[in-house]
Amino acid sequence: MTAFTITLPSGVEWTPTFIDSIDRAKCIGCGRCFKVCSHQVLELRGVDEDGEFVSLDPDEDDEEYEKKVMTVAHPENCIGCRACAMVCSKKCCTHAPAAA
Ligand code: SF4
Ligand code: SF4
């Protein structure tokens with residue numbers, strides 16, 4: 001894969017990395033990453049004891065969630081700022097270069 005790169009004003013080439021995944025096993029659903037992401041990339045979701053996604057809406061008839069986890073809902077919106085990774089105390093976020 002040829003990685004997407006940009007050339008900085010200094011002439012240095014830089015390869016940005018974008019959100020690739022969030023480790024569901026490590027995530028505690030604290031929402032810190034969601035708060036710092038200003039590009040509507042992330043979404044908090046519920047998972048049941050079998051690891052299946054369930055609604056967080058108490059008015060829906062879905063099974064009760066066991067825990068909340070952050071998910072990557074819109075990776076196409078990510079600008080690669082890495083703010084989510086910087087605030088995550090559990091080191092859940094993985095970033096990767098994009099294809100050119
Ligand atoms: S890298 Fe930046 S834009 Fe991308 S998900 Fe994280 S906080 Fe949002
Ligand atoms: S900051 Fe880390 S632990 Fe908290 S919701 Fe985001 S990915 Fe999960």
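When the accessible area of the chain is split by element with a 1.4 Å probe, what percent falls to carbon and sulfur?
Taking all protein chains in place, the chain shows 50 percent carbon and sulfur surface.
Lys67: net charge of surrounding residues, Cβ under 14 Å, Lys/Arg +1, Asp/Glu -1, itself excluded?
-3
Between Glu49 and His74, what length in nm is gained on full extension when 0.36 nm per residue of separation is reduced by their alpha carbon distance?
Length gained between Glu49 and His74: 6.5 nm.
The values are calculated or read from the model by the stated rules, or taken from the named source; none is laboratory data. Here the structure is a predicted model, which means the values were calculated and not measured. Virtual Cβ from ideal backbone geometry, glycine too; neighbours counted across all protein chains shown. Ligands, DNA and RNA are excluded from the accessible area calculation, which covers all protein heavy atoms including side chains. Shrake-Rupley method; radii C 1.70, N 1.55, O 1.52, S 1.80 Å.
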